[in-house]
Structure formats: C-alpha cells, structure tokens
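Comments concern the structure below.
The values are calculated or read from the model by the stated rules, or taken from the named source; none is laboratory data. On a predicted model such as this, the values are computed, not experimentally measured, just so you know. Because the Cβ atoms are built from the backbone with ideal geometry, glycine has one as well, and the counts that use them run over all protein chains shown. For the accessible areas, the whole protein counts, side chains as well, though only heavy atoms, and no ligand, DNA or RNA atoms are used. Shrake-Rupley method; radii C 1.70, N 1.55, O 1.52, S 1.80 Å.
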Amino acid sequence: MIRDMRGVPSTVPNRSATDLVIIGTNLLPLAGIVYSDWNVWTLLLLYWIEAFSTVLFGVLKSLFAKQGSPDVVGEREPLHELRHKRGGWRPLSTLPPIYPRNVPFALSILGIWASTILPITILSWVLVETSIALSWEVAVSVGALIVAHGIEFHREYLGAKTYKNVSAREILQQPSQLTLGVMFLGIIGLSMGQSAGVTVLGGFVIVKTILAVSWESTGPIASAFQELFDRLSADREFSRSQPELSLPDEPVEARVTVSPQSVLLGSSTTILLTVVNRGVALLLAGVVAAIVTARFLWVGIGLTVLLGIFIIRAGSYYFRYGTIEYQRRGEMLVAYDTVLDAPQWLVPIHSRARFEIKNAIPDRLFGTGTLQISNVETAPTNTVQFGPVADLDHATETLDLPIRHEERPEQDPAVVGAALVLALVFLSVPLLLLGSPQVSGAEMAAVMVLIAPFFMILLSVLIYAMLARI
C-alpha cells in the first residue's frame with residue numbers, strides 16, 4: 001500500500017504532533033476567510049488546480065509503475081485490451097519504461113474529470129457569479145504547487161525508484177479519492193449557486209485535511225482514517241507482481257507475422273462495440289440532437305471527437321495484436337511483441353491447450369482468420385487470441401498447429417434472410433410512429449425512451465445472427 005512508503009516517526013507523541021500540524025496547516029485557509037479578507041473563490045480556484053495537478057502527476061506516475069494491477073470484478077477500463085500487455089517502452093534512456101498495461105487506469109481517472117468534473121466546473125463558472133481575484137500571488141502559488149509536484153516526482157518517485165514497488169492502481173488510489181471529493185463538492189456547489197462559496201470551500205478543506213492526514217502521517221488520527229478507507233475497500237488487492245516471461249532455449253523454427261491490414265480489419269467489431277460505452281452513447285445522442293436542431297458547429301465538434309475515439313480504439317487494438325510475431329520454438333508456440341521486445345504468452349503445442357478457429361464476424365466479412373487458444377497457463381485469463389492473419393491455413397501449416405475444429409459454420413442464406421427481415425420489421429415500428437400524424441412529439445419521445453433499449457437489444461441480436469452466418 002502507498003501508506004507503507006511514508007516515514008514512521010519514532011514515538012507516539014511525535015506521531016500525534018504530526019497529525020495536528022497537518023490538520024492545522026490545512027485549516028489555515030478557513031481562518032483566513034473568517035479573520036481576514038481572503039477571497040473565497042480564489043482559494044477554491046487554487047484548491048481546484050491543486051486537485052487537478054495531483055491527478056495529472058498521479059497519471060504520469062502510474063505509467064511508470066512496474067507492479068501489476070489486479071482486475072476488479074464489474075469494472076472495465078478504457079482500452080481494456082492493453083491490460084495484459086507485457087513489457088515496457090523506454091522513451092528516453094534516462095527514464096524507466098512506460099508500461100502500456102497501465103494506460104487503461106490512467107485513462108479511467110482522466111475520463112472521470114473530462115466527463116464530470118470539467119463540465120461541472122464550466123457550468124459553475126457560467127451560472128454562478130464568482131469574484132476570483134487573480135494576482136501575482138495567485139500565479140506564484142500555482143507555480144510553486146506545480147514545482148513541488150515536479151520535485152517530488154523527480155526525486156522521490158524516479159530518483160528513489162519508488163515506481164519499482166508500486167502498481168498503477170496503488171498510485172491512482174490517492175488521486176481517485178481526491179477526485180470523488182471534488183466531484184461531490186462540485187455538484188453541491190452547482191446546486192447551491194452563489195451561496196455555495198464558503199460551503200464548498202469548507203468541504204474542500206475538510207476532505208483535503210482528511211486525505212492529507214491519511215496520506216502523509218502515521219499518527220493515531222491518520223491510522224483511524226486509514227482503517228476507515230481500508231474497510232471501504234475491503235477485499236481489494238491493489239498490487240500484484242508482474243513476472244516477465246522467459247523465451248525457450250530452442251531457436252526459432254518457424255514464424256508468422258500479422259499484416260497491418262488484417263489487424264485493422266479485425267478491429268472493426270471492437271470499434272463498433274465502443275458505441276455501447278455510456279459516454280460514447282451519450283456523445284452520439286448529442287450529435288443526433290444537434291443534427292435535429294441544426295446546430296452544425298456542435299455536430300462537427302461531436303463527430304470530430306467520435307472520430308478521435310474510434311481512431312484511438314483502432315490504434316489500441318493494433319498495438320495489442322498487430323505488433324505480434326508468432327514463433328515456433330521446439331514444442332512451444334510463442335507470441336512475441338516486436339515493438340516491446342517481450343514475449344506475451346507461451347503455450348506448449350501438444351498439451352491441454354485447445355486451438356479452435358474463432359467464428360469472428362470481421363473474419364467472415366473480410367476473409368481473415370483468427371484462432372482462440374484456451375488453457376494457456378501463462379495468460380492471466382487462460383485464453384489468448386492468435387491473429388487475425390490474412391491466410392489462416394498457411395499460418396497453421398507453417399507453425400504446425402493442431403486445430404481441433406477446422407471449419408467455421410457454413411454460410412446459411414436462410415438464417416441471413418430471416419434475421420434481416422425480422423430486423424427490418426422491428427426497425428419499421430419506430431419509423432411508422434415517427435411518421436404518424438396522430439402521435440405527438442412528446443408521445444414519440446416517451447415511447448422511444450421506453451422501447452429504445454429493448455429494440456436495441458433485439459436488433460443487436462438479429463444483426464449478430466445475420467453476420468455470423470453471412
């Protein structure tokens with residue numbers, strides 16, 4: 001845990017004094033508001049910048065964290081396919097490697113700020129009448145804060161090589177706690193309006209004081225707070241060793257490389273499934289609403305953001321599967337990443353592992369081929385993907401792989417036709433309602449809200465059934 005990295009004072013009185021010093025330091029702004037003429041909104045701005053800079057430096061730290069982060073049941077991070085990528089990339093010889101497996105965690109917390117905290121901040125700035133007094137003292141305070149973060153990052157994190165003993169989830173635990181506090185207080189401030197200044201500032205001070213004591217001290221007060229946090233996160237493991245695989249001693253007898261075109265074509269399903277994400281779905285709904293209301297500037301902005309998301313998803317998929325070279329070394333099949341110079345997984349060819357042809361929709365549409373290999377002990381999920389490759393038959397013959405099921409389901413025009421007809425029938429229902437003069441706009445909106453999720457599920461199942469046998 002991160003709290004294990006703190007220095008431990010020698011005596012209990014010293015530890016208690018440390019708690020009181022931290023509390024007193026963090027309560028100083030409230031004293032300035034009550035007994036002096038400190039500007040409430042200026043202090044709130046400074047606290048916001050401090051929280052944001054803490055998150056940014058936490059994200060930067062997480063990219064270098066060497067230890068692995070366990071999966072959390074029920075949670076799926078952005079670019080989740082990178083979670084089990086082995087190896088790291090060293091941008092400079094003076095820096096430690098950046099581990100792609102930590103990118104999903106960094107994007108998760110940045111996504112929270114982009115989707116909630118920044119919009120709340122902008123709305124508060126527009127709707128609430130503030131009186132922020134910008135001055136050189138404020139600029140110096142912001143600069144000193146950023147410099148302090150930079151010095152801590154360079155000396156403590158990189159210089160002391162703390163990154164070797166922590167995971168991305170462990171590093172981002174503190175920024176995540178601070179983010180939740182900022183988000184909660186931001187919602188309160190937006191709902192209260194002009195009267196929110198002192199209330200939100202008091203909330204910021206209390207939250208920051210509690211977190212500062214739990215992070216920076218080992219006294220009895222800090223121990224009580226940390227025990228509370230541990231109970232709230234019970235049974236959660238934040239760090240796990242991430243052993244790198246060793247290549248077999250046997251030389252490479254055969255190798256198969258993937259073609260960029262095959263991998264990019266195979267990413268089409270992943271890109272389409274991005275729409276299922278709540279944030280992307282809301283963005284898409286916003287684009288549709290902008291089209292209906294003829295707000296073409298917002299249409300252009302929304303489509304640009306959507307295009308950027310799709311490009312990032314395709315790039316992530318390519319980085320996961322497009323940089324792999326499949327090698328036959330003796331009786332072992334090795335997936336070797338040629339960019340990170342690290343084996344991703346190894347599996348004995350003649351073992352309990354099952355080599356099966358995957359009935360992937362992009363393979364049926366574009367003529368590529370993919371294998372699914374199960375019972376792989378060196379993979380965290382025990383199942384890995386081979387491909388997609390342009391010529392699956394040639395790849396399996398070159399590596400002499402024992403395929404259990406050599407055929408995909410044959411084309412079935414009857415299934416394709418039936419699924420297509422049913423999909424068109426279901427799709428025609430909302431279209432008929434939309435064109436009916438007897439249905440008002442409010443009624444149509446209510447019907448769409450009620451039946452849209454049900455229709456989307458039906459249409460998705462029918463389209464999948466159609467494409468799986470095309």
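Tabulated results
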item	result
Accessible area of THR162 in the full protein assembly, 1.4 Å probe (Å², nearest 10)	30
Per-pair calculated FRET efficiency, R0 = 41 Å: THR116 and THR383 via Cβ, rounded to 0.05	0.75
Rough spin-label spacing in nm, given labels placed 7 Å along Cα→Cβ, for LEU180 and ILE291	3.9
Probe 1.4 Å - accessible area at ARG364, Å² to nearest ten	50
Exposure ranking of LEU306, LEU420 by accessible area [1.4 Å probe, largest first]	LEU420, LEU306
Computed lengthening from LEU60 to LEU307, 0.36 nm per intervening residue step minus Cα-Cα distance	86.4 nm
Förster radius 56 Å - calculated FRET efficiency between LEU145 and ARG255, Cβ distance, rounded to 0.05	0.60
Whole-Hz couplings from phi, Karplus 6.51/-1.76/1.60, listed for the stretch 108-119; x for Gly and Pro	4, 6, 5, x, 4, 5, 5, 8, 10, 5, 5, x
Area accessible to solvent at TYR318, 1.4 Å probe radius, in Å²	70
Projected-area mean, the stretch 294-342, by convex hull of Cα positions, square nanometres	4.2
Filter on LYS61/LYS358; LYS61/LYS85; LYS66/LYS358 - keep pairs with C-alpha separation over 30 Å	LYS61/LYS358; LYS66/LYS358
Charge sum, other residues only, whose C-beta stays under 10 Å from TYR99's C-beta, Lys/Arg counted +1 and Asp/Glu -1	+4
More than 12 Å apart - percent of Cα-Cα pairs taken over the stretch 359-408	66
Using a Förster distance of 30 Å, the FRET efficiency for LYS164-SER246 (Cβ separation, nearest 0.05)	0.95
